[in-house]
Amino acid sequence: MSGDRPADWSDRSYYLAMRDGVRLAVSLYFPDGVLPKEPVPVLLIQTRYGRAGVRRKGQPRSLDPWLAAGFVVAVVDVRGSTSSFGARTTELGPEEQADMDEIIAHVAAAPWSSGKVIATGVSYTANTADMATSRPAPALIAAIPRQTDFDFWELFWPGGIFNRTMFRHWMGGIYETDFGRPRTRMGAVANPAEAGLDARERPGDSRGLFPTLQPVD
């Protein structure tokens with residue numbers, strides 16, 4: 001891609017308004033970067049870490065095998081995170097769950113879509129894929145949740161031992177991300193290159209703080 005547009009950014013992105021007017025950021029990746037001429041199935045990933053973080057070229061979790069198989073991949077920043085609007089009072093809350101119905105219906109109805117949607121992901125994105133199967137979304141024909149986090153006891157207290165590192169670093173990291181601040185560890189900025197950056201005061205600092213963020217076109 002030309003200019004300063006990173007190679008892992010999507011082929012198309014836009015805002016999708018939910019039932020209450022909250023706008024969610026959506027990215028579309030097309031096979032070979034070209035809009036399909038015939039209807040194709042859709043792979044859906046819903047993330048709270050930034051849409052540009054799902055590509056991972058050359059890695060097993062990459063989107064490339066799905067794109068090579070002819071799928072369009074749709075990636076959504078969930079409500080209240082990264083490039084999407086809305087309040088975020090909890091992880092995987094009821095409003096975020098209800099958004100899944102509208103997102104699935106939207107991508108299934110696209111003119112390039114065959115009307116069939118598969119949800120997938122790892123960790124948080126696996127949680128959203130798994131939870132989507134409980135929703136009244138007829139277009140969702142399958143889900144491939146690869147390692148979910150619904151057993152919070154095993155995640156935060158494995159074997160009955162408090163996983164302090166996981167709890168503090170993950171919770172603290174996403175807290176700082178949500179507020180547009182440098183991530184900290186033990187009270188200090190984790191990455192010295194982020195010191196002094198503040199996306200609340202200067203939106204342009206977002207690129208340096210969180211490279212997985214992608215604005216909409």
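A short reminder: the numbers here are calculations on the coordinates, not readings from a lab. Remember, predicted model here, so these are calculated numbers, not experimental data. Neighbour counts run over all protein chains shown; Cβ positions are idealised from the backbone, glycine included.
Side notes on the structure shown:
- Across the options Pro138, Gly159, Val117, the greatest Cα extent toward the positive end of the charge dipole of the chain (unit charges at beta carbon of Lys, Arg, Asp, Glu) belongs to Gly159.
- Within the range 158-217, the GluC sites (Glu not before Pro) that combine a DSSP coil assignment with at most 10 other C-beta atoms in a 10 angstrom radius are Glu201.
- Stretch in the chain that is longest and holds no trypsin sites (Lys or Arg not before Pro) that DSSP places in a loop and that have at most 16 other beta carbons within 10 Å: 89-199
- Placing a label point 7 Å from the Cα of Ala190 along the Cα-to-Cβ direction, the residues of the range 71-88 whose backbone N falls under 16 Å of that point are 82.
- 5 angstrom amide H check on Arg185, placed H, neighbours 5+ away: Ala190
- Rounded to whole numbers, the Karplus 3J(HN,Hα) couplings from phi for the range 141-148 are 9, 6, 9, 10, x, 9, 6, 8 Hz, using 6.51 cos²θ - 1.76 cosθ + 1.60 with θ = phi - 60°, and x at Gly and Pro.
- Whole-Hz couplings from phi, Karplus 6.51/-1.76/1.60, listed for the range 151-165; x for Gly and Pro: 8, 5, 4, 5, 6, 9, 9, x, x, x, 9, 5, 8, 4, 4
- Translational diffusion coefficient of the range 141-217 (Stokes-Einstein, Kirkwood radius from Cα pairs, 37 °C, 0.692 mPa s): 223 µm²/s.
- 3J(HN,Hα) couplings calculated from phi for the range 105-110 with the Karplus curve 6.51 cos²θ - 1.76 cosθ + 1.60 (θ = phi - 60°) are, in sequence order, 5, 5, 5, 5, 8, 4 Hz; Gly and Pro show x.
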